[in-house]
Ligand code: EPU
């Protein structure tokens, strides 16, 4: 147990914030011990995975627990299906690479997403046409109310776009300990419908891609436009892509003929990056904070010295200008602490 501990290395924005207490846990027993300590001292809790989807705007007056549970196991279901279980503290991308090495298919489009396995169900991570709900079997959690282990299946997780029960009514109640995915051992279903993947595969001269080729293409695309958090502090997309009613989209189209939208029934999903860019934010820097020059949906700690408050205020300015110009209210995707 450490006191007055700097969380700077534990958040990918790289902002300074201190936690009154901090501990790292490697087993469920260690986790329970830490929770008992917090209970006796009436401390608030903050769970840290890879720290890739949080913005710390102030010091934390409680106990921050970094979940470091490790291990991967697998069970062959039949010749084409394998269930792979990874503990919460496994690094997401290393887990994806492990599966690709074994030729297990299903995770390749999710290559190079920062963070750990344990936080992947929280926001139903997704990229290039895949979300974890597509390959999810279940996750095991510790219920902080009863101190009991519980299993959530696909339906119980209530996954939506960057959303799950763990971000809604289950927020703060469950600690995800391990996640099981259903992957293919052969007859992989290759998802290349996302335009950027197709053009990258063409660049690479690949006609009949394997799952490893798709992963390579995704890695190339991400590296070409998303900043590496190890080099420039960021948390990926800062906002969700907003979904608006078709009628509102059509009215906007009259005014902004280049507006893009992906219809889904009576609603249309609009790329937030485009809206932000149209408001003049792409590459713009104020103080220590900027919108990334190649992907305006990503806010960066441009100098490495930004505070969480500065980043938060910058995001508020973006929200206000998108609201003024388009009448659309952007929602933050990153968890604000
Ligand atoms: N666009 C702009 N200007 C910008 C950025 C984007 O005009 O500055 C336009 C692009 O031209 C494109 C559209 O917006 O037509 C969509 O852009 P992109 O393909 O880069 O995807 P995105 O919608 O911005 C989402 C996810 C990403 C994920 C990519 C690829 C969200 C909030 N973000 O971004 O996820 O990698 O799709 O699937 O849904 C993350 O969550 O941290 C993340 C990086």
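We did not get these values from a lab; they are worked out from the coordinates using the rules stated. Because the structure is a prediction, the values reported are computed rather than measured. So basically every Cβ, Gly included, is an ideal-geometry build from the backbone, and we count neighbours across all protein chains shown.
Decide, for segment 72-225, between rounded, prolate and oblate: order the square roots of the alpha carbon gyration tensor eigenvalues as a ≥ b ≥ c, take rounded if a/c falls under 1.5, and otherwise choose prolate if a/b is larger than b/c, else oblate. Taking the square roots of the gyration eigenvalues as a ≥ b ≥ c, segment 72-225 is prolate. Pairwise Cα distances in the chain exceed 27 Å in 49 percent of cases. Summarised as an ellipsoid, segment 1-153 has semi-axes of 30, 19, 12 Å, derived from the eigenvalues of the Cα gyration tensor scaled by 5 and square-rooted, with the largest first.
A crude spin-label estimate for the pair residue 223 and residue 293, with each label 7 Å from Cα along the Cβ direction, gives 2.0 nm.
The distance from the alpha carbon centre of segment 205-241 to that of segment 1-68 is 29 Å, rounded to a whole number.
Expressed in Å, the radius of gyration and Dmax of the Cα atoms of segment 12-53 are 11.7, 32. The calculated Kirkwood hydrodynamic radius for segment 269-310 is 10.4 Å, given to one decimal from all distinct C-alpha pairs.
FRET efficiency for the pair residue 28 and residue 2, taken as 1/(1 + (r/R0)^6) with r the Cβ-Cβ distance and R0 = 30 Å, rounds to 0.90. Taking one quarter of the surface of the C-alpha convex hull of segment 1-88 gives a mean projected area of 6.9 nm².
Sorting 36-42, 87-93, 307-313, 278-284 by average packing, meaning the other beta carbons within 10 Å per residue, from highest down gives 87-93, 307-313, 278-284, 36-42. The distance separating the Cα centre of segment 290-320 from that of segment 86-121 comes to 27 Å.
Expressed in Å, the radius of gyration and Dmax of the Cα atoms of segment 88-147 are 12.4, 40. Helical runs (DSSP H, four residues minimum) scored at -39500 (n - 2.57) apiece and divided by the length of the chain put the mean residue ellipticity at 222 nm at -8000 deg cm²/dmol.
Across segment 233-336, the volume of the C-alpha convex hull divided among the residues equals 91 Å³ per residue. If the segment from residue 171 to residue 258 were pulled out straight at 0.36 nm per residue, it would be longer than the present Cα-Cα gap by 27.5 nm.
Just check segment 121-184 against the gyration tensor rule for me: Cα atoms, a ≥ b ≥ c as the square roots of the eigenvalues, rounded for a/c under 1.5, and otherwise prolate or oblate depending on whether a/b exceeds b/c. Because a/c hits 1.5 or more and a/b fails to exceed b/c, segment 121-184 counts as oblate.
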